[in-house]
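*Asks:* Take a look at this one; I'll ask things after.
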Amino acid sequence: MWESIARLVLKFRLFWLIALLSVTGYMAFRASHVKLSYDFNSAIPTDNPKYKAYQEFRRQFGDDGNLLVIGVQTDKLFQLPVFTDYIALAEALKKVPGVDDVLGVSSALNLIRDTVAQRMKALPIFPAHPATQAVIDSGKAVLLGLPFYQGLLYNSQTSTWLTAVHVNKAVMNSARRIVTVTGITQLVDSFGLRNGLDMHYSGLPLIRTKMAAKVASETTWFLLGSVCVLSLILLLFFRSVSTMLLSLAVVIIGVIFSLGTMDLLGYKITLLNALTPTLVVVIGIPNCIYFMNKYHTAYRDTGDKHEALVVMIGRMGVVTLFCNLTAAIGFGVFALTRSAILNEFGVVAGINIMLLFFISFILIPVVLSYLPAPKPKHMRYLQNRWLAAVLKRLEVWTLHHQRIIYTATVVILGISIAGMFRLRSEGFIVDDLPQKDRLYTDLKFFETNFKGVMPLEIVIDTKRKKGLRVGMARTLDSIDRLSAYIAAQPEMARPLSLVEGLKFVRQAYYETDSSGYIVPNQMDLNFLFSYLNLGEKAPAGGGAAKNNLTKLLFSFVDSNQQQLRVSVQMMDIGSKRLPAVLDDLQKKTTGLFDSSRYRVTFTGTSVTYLEGSSFIIKGLKDSIQWAFLLIAACMLFLFRSLRILICSLVPNVIPLLITAGIMGWAGVRLRPSTVIVFSIALGIAIDITIRFLVNYKQVVGEKAESEGAVIDTINTTGISILYTSMVLTAGFVIFCFSDFGGILALGWLTSLTLVIATITNLVFLPVLLLGLTRKVRSPRGRS
């Protein structure tokens, strides 16, 4: 059948070429319209309880992850020239497009009781233009006497000072965020340079923007790098510019199709599916190598170009189809997960790896039919002495050292399985950043001085409208006790809530020192209400009120006065430790808040992000199982033999186990960027097995003796397998030069797995074939 298809392709070659180029032109048009995604993609399904809780929180109180923090550790900040410049910095930050508000030491407010108007006035602690050092010193004394700001804007023990910049939500979800974040960091760096200060900044707006920019930049360079490196390898292998250009044409068309597919499906380029074009290049090149290798082999045997093309398509068509199918399964199973970002990646990668087969199947034979017949120098690689020596050594090992191979395999697997028990699953928000990266070091700076910048939100629901008015003093006291418990934890800062605001107001009302900063009782509240006008209806989501103070207070109460939020800044403690911390908080809140009157919910970006990380890991584990089952079904359909099915799966399970064992012994954690490797590597590595076994089946049909068929397969298929493995390994090794941990892990772990898979398929698979063949045939021999 495949030879008939081959003759059909060659007969109507011009039609197929024009059709392919026409479709490519259309896909290029669609690819030009694909857009980058600037949304913070959550990996949690929309029906997940934690996702719903977070969306409800955002509806009531707004976003919690749009705060960029700027810190400086110095004893000279309050010197007149430096502080004057610091005030100017805050004013300049307010003018950056996309910045909604700036709160820092220089713009901190103090509350003054106005007995005539019976209102609290919020006045700046420092004047806009301090004239003397004495004015600044006086303001500093006032600031340090206000416990409200301790741990929020300053750490007096370490002389660390903080400025918080609130970035607009709409800007954060658009390309404008790059301009905004860049404008902020440039102003901060200029201030630090002028005053000889080491500035630090962190927060989710900065982390998201910088990480997205880093990945986008690296994927572009890696795409170009993979094309250049693989082009050089192809040129060295085939010694033919035309062959190299033909192979590049295949993968470039594949890249165009991948980007066009995203636009056709309505997807945007995310951090994950941005890898698809590079993966298309790396996976597409082996198609070209196998086709060219079979073409050159057939031409060397027949001396007829047309017949060689027919043999190439007839022999390699079904092989390449199933190789691409299994590789597509390795990626496509991600589409079975309920994570949107994984689903899109699986769909785009799976579809385009299959499209690579049709591109290769049409373009390579059609273009070769127009090119001159290969010259002897183009086929010289078929007689590579070094590779011939390697294959000869493999032949010797297969025939004479089978027991050693089995023993070594068992020992290595035993060590690997022991290493697998050391694997632990844990994800961090800044998981993939190198520890020398400024984003990472600055995050640790804020964790050291302010216990972190990752938002955790606690929502206390009274279960009825205006429920806060019922037993308000008791509710506030419970929140204060909860806040004290949280502040005592090593990984969480002192929370900010309505309670802290009312304690600040009480201190100002009684005009006392820091000793007056305590929770107001019911009598205090009766006085404070008249001064704060808290009886007014608060705008939904903490909108504008009469003054900055009521705006701040209302931001912690919903519009129905039913719910209060307690905002906590915490360390990036990871997905393994976070549940234990939340469990402790849950137990504490259970003791403080009667469940018949209150409902306490833990949410925020920290919870949803790390929940998403755990969800992705679970989904990836399930996808590996699906990949294994679907690939097994393909192999059973292709070979119609249980014995061959076992031979095909075992050599590819071994590399996965060894890689998992190495990860365990090396202390590499299971996280999304490492778990994804197993499904991808299984889908790619099985290609080697398919090509070996298909050739074995073809040869064994001509040879009655299976041992000769195995040896012949090693010598005929081994060269193309070694070449392809070198190309795949080189393609993925490029990712090892990444500064982004996820891409680096994808590079070295996939390369390692492919190298091991090549060894097992050329060493262990032949031995396994011989062993099973002898067991099957030995009863017949005795009969």
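The values are calculated or read from the model by the stated rules, or taken from the named source; none is laboratory data. If you're wondering where the values come from, they're calculated on a predicted model, not measured in any experiment. All Cβ positions, even for glycine, are placed from backbone atoms using ideal geometry, and neighbour counts span all protein chains on display. Remember, those area values only see protein heavy atoms, side chains included, never the ligands or the DNA or RNA. Shrake-Rupley method; radii C 1.70, N 1.55, O 1.52, S 1.80 Å.
*Asks:* Accessible area of residue 228, 1.4 Å probe, to the nearest 10 Å²?
*Replies:* Counting only protein heavy atoms, residue 228 exposes about 90 Å² to solvent.
*Asks:* Given the -39500 (n - 2.57) contribution per DSSP H run of 4+ residues, what per-residue ellipticity at 222 nm results for the chain, rounded to the nearest 500 deg cm²/dmol?
*Replies:* Per the formula, -22000 deg cm²/dmol.
*Asks:* Per the 1.4 Å probe, what fraction of the accessible area of the range 384-493, in percent, lies on carbon and sulfur atoms?
*Replies:* Ligands and nucleic acids excluded, carbon and sulfur give 59 percent.
*Asks:* Something else about it: With only alpha-carbon atoms counted, please give the Rg and Dmax of the chain, in Å.
*Replies:* Just the Cα atoms of the chain yield Rg and Dmax of 32.9, 115 Å.
*Asks:* Compute the long axis of helix 276-302 from its Cα atoms, compare it with the longest principal axis of the Cα atoms of the chain, and write down the angle in degrees, 0 to 90, nearest 10.
*Replies:* 10
*Asks:* Beta carbons within 10 angstrom, averaged per residue: use that to sort the peptides 351-359, 415-423, 665-673, highest first.
*Replies:* Descending mean neighbour count gives 351-359, 665-673, 415-423.
*Asks:* Per residue, how much accessible area does the chain show when a 1.4 Å probe rolls over the protein heavy atoms, in square angstrom?
*Replies:* 42
*Asks:* Still on this structure, I have one more. Take residue 726 and residue 413, extend 7 Å from each Cα along the Cα→Cβ direction, and tell me the distance between the two endpoints in nm.
*Replies:* 3.1
*Asks:* Quote the charge dipole size of the range 52-102 about the Cα centre in Debye, to the nearest 20; the model charges only the Cβ of Lys and Arg (+1) and of Asp and Glu (-1).
*Replies:* Roughly 140 debye for the range 52-102.
*Asks:* For helix 2-11, report the angle its Cα long axis makes with the longest principal axis of the Cα atoms of the chain; keep it between 0 and 90° and round to the nearest 10°.
*Replies:* 80
*Asks:* Of the DSSP beta bridges with both residues in the chain, give the percent that are antiparallel, rounding to the nearest 5.
*Replies:* 95
*Asks:* Sticking with this one: At a 1.4 Å probe radius, carbon and sulfur cover how many percent of the accessible area of the range 201-346?
*Replies:* Carbon and sulfur together cover 68 percent of it.
*Asks:* Rounded, prolate or oblate: which fits the range 391-433, taking a ≥ b ≥ c as square roots of the Cα gyration tensor eigenvalues, rounded meaning a/c under 1.5, else prolate when a/b beats b/c?
*Replies:* oblate
*Asks:* Taking the chain as the reference, fit the longest principal axis to its C-alpha atoms, fit the long axis of helix 472-487 to the helix C-alpha atoms, and give the angle between the two in degrees, 0 to 90, nearest 10.
*Replies:* Helix 472-487 sits roughly 50 degrees off the main axis of the chain.
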